[in-house]
């Protein structure tokens, strides 16, 4: 099978995250579009700068940014419907940051599996930002 399991990344449109990323330059955003059983939703794990996870203004601005992405058009796989602002920054010791300073998405998703499960749980928990 070809790289990417035959999927084309252009349909994920990660540039739609640009407005939120520009408004909050200290955030590290990981956009994940997992497969079964959540193939119809995109969720964000967001690494904020210290203290931002408890700031209601950050949560509200993220919700507004998610709505802007939705309103921009496209199918439900091109905008997030859920997000969690993480309490803990990415860990270099756990391999979540590469030696070049990039986020290792696989390591983040493996290390934070319980958070990803909370992100998609029904009913959603209080820390999940919903669109």
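The values are calculated or read from the model by the stated rules, or taken from the named source; none is laboratory data. Since the structure is predicted, the reported quantities are computational estimates derived from the model, not experimental observations. Cβ: placed from backbone, ideal geometry, glycine included. Neighbour counts: every protein chain shown.
Among the residues of the range 87-104, those identified as under 23 Å from residue 65 (Cα atoms) and either assigned to a loop (DSSP other than H, G, I, E, B) or modelled with pLDDT under 90 (or both) are 87, 88, 89, 90. Looking only at residues of the range 44-71 that are in contact with a strand residue (DSSP E or B) (Cβ under 6 Å, 6 or more places away or on another chain), at pLDDT 80 or above and in a helix (DSSP H, G or I), we find that the one that is surrounded by the most Cβ atoms within 10 Å (Cβ to Cβ) is 62.
Among the residues making up the range 89-131, a single one is more than 15 Å from the chain's Cα centre (by Cα) and touching a residue at least 40 places away in the same chain (Cβ under 8 Å): 124. The number of residues in the range 106-115 that are at pLDDT 90 or above and in contact with a strand residue (DSSP E or B) (Cβ under 8 Å, 6 or more places away or on another chain) comes to 3.
Among the residues of the range 120-131, those that are farther than 18 Å from residue 89 by Cβ and touching a strand residue (DSSP E or B) at 6+ places or on another chain (Cβ under 7 Å) comprise 120, 124, 128, 129, 130, 131.
Look at residue 125 and say whether it is exposed (fewer than 12 other Cβ atoms within 10 Å of the Cβ) and either in a loop (DSSP other than H, G, I, E, B) or modelled with pLDDT under 90 (or both). It is true that residue 125 is exposed (fewer than 12 other Cβ atoms within 10 Å of the Cβ) and either in a loop (DSSP other than H, G, I, E, B) or modelled with pLDDT under 90 (or both).
Selection within the range 55-88: residues that are touching a residue at least 60 places away in the same chain (Cβ under 8 Å) and within 18 Å of residue 26 (Cβ to Cβ). The member of this set that is farthest from the chain's Cα centre (by Cα) is 59.
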